[in-house]
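Quick one: structure below, then a few questions.
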Amino acid sequence: MKPLIFAGNWKMHLGPAGARGFLDRFLPHYRPAGDREVWFFAPAVSAATVAAAVTGVSGVRVGIQNVHWEPKGAFTGETSVPMAVEAGATAALVGHSERRHVFGETDREAGLKVQAVLAGGLVPLLCVGETLAEREGGRTLDVVRRQLGVLRGIPAADLAQVGIAYEPVWAIGTGRNATPEDAAQVHAAIRAQLAELGGPADAMSILYGGSVKPENAAALVGEAGIDGLLVGGASLDPESWRAIVGGARN
Ligand code: PEP
């Protein structure tokens, strides 16, 4: 059975000292379990600190929140995949809604990043999701299909490495979240499209994200087809994070 994935997106929080402090409070209580993994999408400057702190701790992965698709060059402020690898990252977020909507990242760029991440041997976690206007206009599935289109042409063996995070934009950081049933419906549509794209859809992990808290985490992962959670705000507090990671599975 696929492990449930609990992924924390620390966004622009927790520099190296803060990350160390968080892990000092989280790791002593962490009990590895074969049915789940814990991923930390740390800021680039903290990735090496987190990787060092979790060395030898099973079921924990360090990820980076964004990469450039070029391996090196004159791209001030960017982080390349080889640099992320050097820092100890084994996963990368691609196309997070804040990258798309705050920084204007396009589907084309998300596609280039997925390919670079795969080529570098990291796991891409491709984020997709609709805005409130798109949802109210009945366009959720069209938007998600368009965003998943960047996976077209990727060989099945590589698609097997790709994770998806369904994150409705209106639910991120707003305190509003999709009901577990609504989320599960979109997850089913995503899985169907992954199969159309030639991926081993049942083996691929599709996470839900958007205002996940200890109070709603278990119900979300209790839905068939929700293979884990991508969590922003509540992943910053070691106690909340412990409660989410330790919750029930379906
Ligand atoms: C996120 O950053 O991906 C996210 C889902 O944030 P939050 O949990 O704060 O809504």
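The values are calculated or read from the model by the stated rules, or taken from the named source; none is laboratory data. All of these numbers come straight from a predicted model, not from anything done at the bench. Glycine also receives a Cβ, built like all others from the backbone with ideal geometry; neighbour counts cover every protein chain displayed. Remember, those area values only see protein heavy atoms, side chains included, never the ligands or the DNA or RNA. Shrake-Rupley method; radii C 1.70, N 1.55, O 1.52, S 1.80 Å.
Which of the residues spanning the range 168-191 are small (Gly, Ala, Ser), closer than 27 Å to ASP158 by Cβ and crowded, with 18+ Cβ neighbours inside 10 Å?
Within the range 168-191, the first condition is being small (Gly, Ala, Ser), and the residues that meet it are 171, 173, 175, 178, 183-184, 188-189.
When the remaining residues are screened for being closer than 27 Å to ASP158 by Cβ, the result is 183-184, 188-189.
Within the range 168-191, ALA183, ALA184 qualify.
Output the qualifying pairs, or none if there are none: Cβ atoms under 7 angstrom, residues six or more apart or on different chains, first residue in the range 105-132 and aliphatic (A, V, I, L, M), second residue open to solvent by 40 Å² or more (accessible area, probe 1.4 Å).
LEU112/TRP69; ALA116/TRP69; LEU118/ASP158; LEU118/GLN161; LEU122/VAL85; LEU122/THR90; VAL123/THR90; VAL123/GLN161
Checking VAL212 against (1) touching a Gly at 6+ places or on another chain (Cβ under 9 Å); (2) assigned to a loop (DSSP other than H, G, I, E, B); (3) more than 16 Å from the ligand (Cβ to nearest atom), which test does it fail?
Going through the list (1) touching a Gly at 6+ places or on another chain (Cβ under 9 Å); (2) assigned to a loop (DSSP other than H, G, I, E, B); (3) more than 16 Å from the ligand (Cβ to nearest atom), VAL212 breaks only (3).
Evaluate the following for ALA157: is it in contact (Cβ under 8 Å) with a residue 24 or more places away in the chain and more than 17 Å from ILE172 (Cα to Cα)?
Working: in contact (Cβ under 8 Å) with a residue 24 or more places away in the chain: no; more than 17 Å from ILE172 (Cα to Cα): yes.
Answer is no for this residue.
Here's another thing I want to ask about it. Within the range 192-215, work out how many residues are open to solvent by 30 Å² or more (accessible area, probe 1.4 Å) and in contact (Cβ under 8 Å) with a residue 24 or more places away in the chain.
Number of matching residues: 5.
Can you tell me which condition LEU236 does not meet? The list is (1) under 17 Å from LEU148 (Cα atoms); (2) among the aliphatic types (A, V, I, L, M); (3) open to solvent by 10 Å² or more (accessible area, probe 1.4 Å); (4) within 11 Å of the ligand (Cβ to nearest atom), and all the others hold.
Single failed check for LEU236: (1).
Answer yes if at least one residue in the range 225-233 is touching a residue at least 60 places away in the same chain (Cβ under 8 Å), part of a helix (DSSP H, G or I) and in contact with a Phe, Trp or Tyr (Cβ under 6 Å, 6 or more places away or on another chain), and no otherwise.
no
Check whether at least one residue in the range 125-143 is buried (at least 22 other Cβ atoms within 10 Å of the Cβ), closer than 25 Å to MET83 by Cα and more than 16 Å from the ligand (Cβ to nearest atom), and report yes or no.
Looking through the range 125-143, none of the residues is buried (at least 22 other Cβ atoms within 10 Å of the Cβ), closer than 25 Å to MET83 by Cα and more than 16 Å from the ligand (Cβ to nearest atom).
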